[in-house]
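I have placed the structure first, in the form of structure tokens, so that the comments after it can refer back to it.
Please treat every number below as a calculation from the coordinates, not as lab data. Remember, it's a predicted structure, so these values are computed and weren't measured experimentally. All Cβ positions, glycine included, derive from the backbone under ideal geometry; neighbour counts span all protein chains shown.
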Amino acid sequence: MFQRSYYRTIWISDVHLGTRACKASALLDFLRHHISETLYLVGDIVDGWNCGPSWYWSPAQQELVNEIKQWCRAGAHVVFIPGNHDEGNTGLVEDLFARLPLISSLIHRTSNGAKMLVIHGHQFDGSLNLNRLLPFIGSGAYARAQRIHDWYNRRSEAGGDEGRSLADYLREPARKAIEFLTDFRDRAVLAAARDHKADGVICGHIHRSDYRLIGNVLYVNDGDWVHNRTAVVEERDGTLQVLRWSTPPQNVLVAEPMPQEATS
């Protein structure tokens, strides 16, 4: 039996089931070592863009789906918030997970009273964002884009500057260029929080965890399970944290507890 750590709420996103990049085994391990009253699946859990010849399904991915179903049977409140990769293929989501609640966005109130807007995050994309174009270019082109994405995101196994290869240095400009095109702007996050009268925003989408104030609005990004293996968790007292999951199991704190300014 796994010894489980309790959190009031857990947020995960950008798992990209159906692709080779999905770190299903790591997420399965994470879920088996934790328990929460509510589990938010904050979009791009399934990669509906990858349907077709490039679709990939492993035993670990099926085990992960089964584990999330088990959470439902055990009484956890599991909510699916579609992202840009799975909002157009909710039939596939329902085939895999049965009838989970599907909600485009919602307000989560922490135990200390903060109102957090939970949304995938593609709604904040700018007009130049590549994610606005990829759904229309076909699965073959998307698969090629995935291979390029995997290439520039590889990291040196050795770690540190001494272990970086020439390819790592060549990849860095490409990484920065892609981030420029695919990142969303702070003012869109701020506007969404104000529109929903929220104290903060919890989202995913950009595959990079974050935790900071934008003005007086708390912005928390839960990262992904393709490269970073991160999740957002809420403690019993309402404290929010970003955790990185490692093997052997160890919760690594990525971000500090929620600033008091955002809870008013």
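So the values come out like this:
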read-out	value
Mean Cβ neighbour count within 10 Å, used as a protection proxy, ranking 33-39, 19-25 highest first	19-25, 33-39
Sorted by Cβ neighbour density within 10 Å, fewest at the top, the residues 42, 65	65, 42
Packing-based exposure ordering (other Cβ within 10 Å, fewest first) of 201, 217	217, 201
Label-point gap, in nm, between residue 73 and residue 186 - each point 7 angstrom along Cα→Cβ	4.7
Whole-angstrom gap from the stretch 74-103 to the stretch 199-233, using each part's C-alpha centre	20
Distance in nm between pseudo-label sites at residue 20 and residue 58 (7 Å out along the Cβ direction from Cα)	1.1
Length released on extending from residue 8 to residue 98, taking residue separation times 0.36 nm less the Cα-Cα span	30.0 nm
Around residue 24: net Lys/Arg minus Asp/Glu count, Cβ-Cβ under 13 Å	-2
Taking 67, 234 and counting other C-beta atoms within 10 Å, the order from fewest to most	67, 234
Difference of contour (0.36 nm per residue) and Cα-Cα distance, residue 210 to residue 246	11.2 nm
10 Å beta-carbon shell around residue 204, net charge (K/R +1, D/E -1)	-3
